[in-house]
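Notes to accompany the following structure.
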Amino acid sequence: MTLIYDNRSLWRRNAILMAVVVGAVLWGVWEFWHAAHGGDASTGSMFGVLFLVGGGYSFYQLWSEQLDVVTSVERDAAGALTITAWRLQGPLRLAGPFSNWRPHVRMSGRQRQLLLYVDAADHARPLRFELGPKSDLAGLRTIAPEAMAEYEAMAAGKSAAA
């Protein structure tokens with residue numbers, strides 16, 4: 001298998017985020033326990049609720065935002081592609097065919113984020129590439145040249161407008 005695209009930082013970033021979320025939930029549980037066993041009941045209970053609800057919301061955000069983000073693309077000797085996407089319970093490996101490669105602009109407040117989407121035949125949702133400024137796009141140019149040309153034109157227009 002030849003590695004065409006790799007997003008190594010995604011696994012590390014999500015592991016750190018998950019450690020922070022688990023720490024917040026455990027802190028909330030400790031606050032409840034401390035309040036129930038002689039600590040300041042009102043403050044401990046309030047912080048317990050805040051940390052548990054905040055941890056639950058952070059977990060939901062991590063799950064919904066990082067679901068279907070591509071971590072790697074590999075090509076075998078026959079030219080077939082295998083895409084690995086992030087999942088909380090472990091990597092999801094999908095074999096082709098892949099179609100409808102397209103750039104996408106997502107607005108986050110006032111900031112634009114350029115993404116690349118692709119559809120997999122045996123997967124319900126589109127897979128998402130988070131291409132940063134340091135991403136190696138040479139391999140993706142060989143797979144989807146039209147979509148990458150459109151993506152790079154959008155990225156050039158974004159940097160010229162900024």
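Just so it is clear, none of the values below were taken in a lab; they were calculated from the coordinates. Keep in mind it's a predicted model, so treat the numbers as computed, not measured. With ideal geometry, Cβ positions are generated from the backbone for all residues, glycine too; neighbour counts draw on all protein chains shown.
Send over the Kirkwood Rh of the stretch 9-65, from the inverse of the averaged 1/r over different Cα pairs, rounded to one decimal Å.
Working: mean 1/r = 0.0849 Å⁻¹.
That comes to 11.8 Å for the stretch 9-65.
At residue 17 and residue 154, where each label point lies 7 Å from the Cα along Cα→Cβ, what is the point-to-point distance in nanometres?
2.0 nm
Determine, from the Cβ-Cβ distance of residue 49 and residue 115 and an R0 of 45 Å, the FRET efficiency 1/(1 + (r/R0)^6), rounded to the nearest 0.05. Don't skip to the answer; put the middle values down first.
Working: r = 35 Å, r/R0 = 0.78.
The value I calculate is 0.80.
Would you mind checking the radius of gyration and Dmax of the stretch 50-162 based on alpha-carbon positions, in Å?
Both quantities, over Cα of the stretch 50-162: 15.8, 53 Å.
Output the DSSP H helices from the chain with an along-axis C-alpha extent of no less than 20 Å and a mean Kyte-Doolittle hydropathy no less than 0.5.
Answer set is 9-36.
Can you pull the one-decimal nm distance between simple spin-label points at residue 137 and residue 64, each 7 Å off the Cα toward Cβ?
The modelled label-to-label distance comes out at 3.0 nm.
Would you kindly state the longest site-free stretch of the chain, with sites defined as trypsin sites (Lys or Arg not before Pro) in a DSSP loop (not H, G, I, E, B) surrounded by at most 11 other Cβ atoms within 10 Å? Write down the numbers at each step before the final one.
Working: sites that count: 8, 110, 134.
By the stated rule (loop sites, at most 11 other Cβ atoms within 10 Å), 9-109.
Let me have the relative contact order for the stretch 9-65, percent, based on Cα pairs under 8 Å that are six or more residues apart. If you can, show how the numbers build up before the last one.
Numbers: 42 pairs, mean separation 22.4, N = 57.
Here the relative contact order equals 39 percent.
Please report the relative contact order for the chain, taking Cα pairs under 8 Å with a sequence separation of at least 6, and give it as a percent rounded to a whole number.
Details: 226 pairs, mean separation 30.5, N = 162.
Once divided by the residue count of the chain, the mean separation gives 19 percent.
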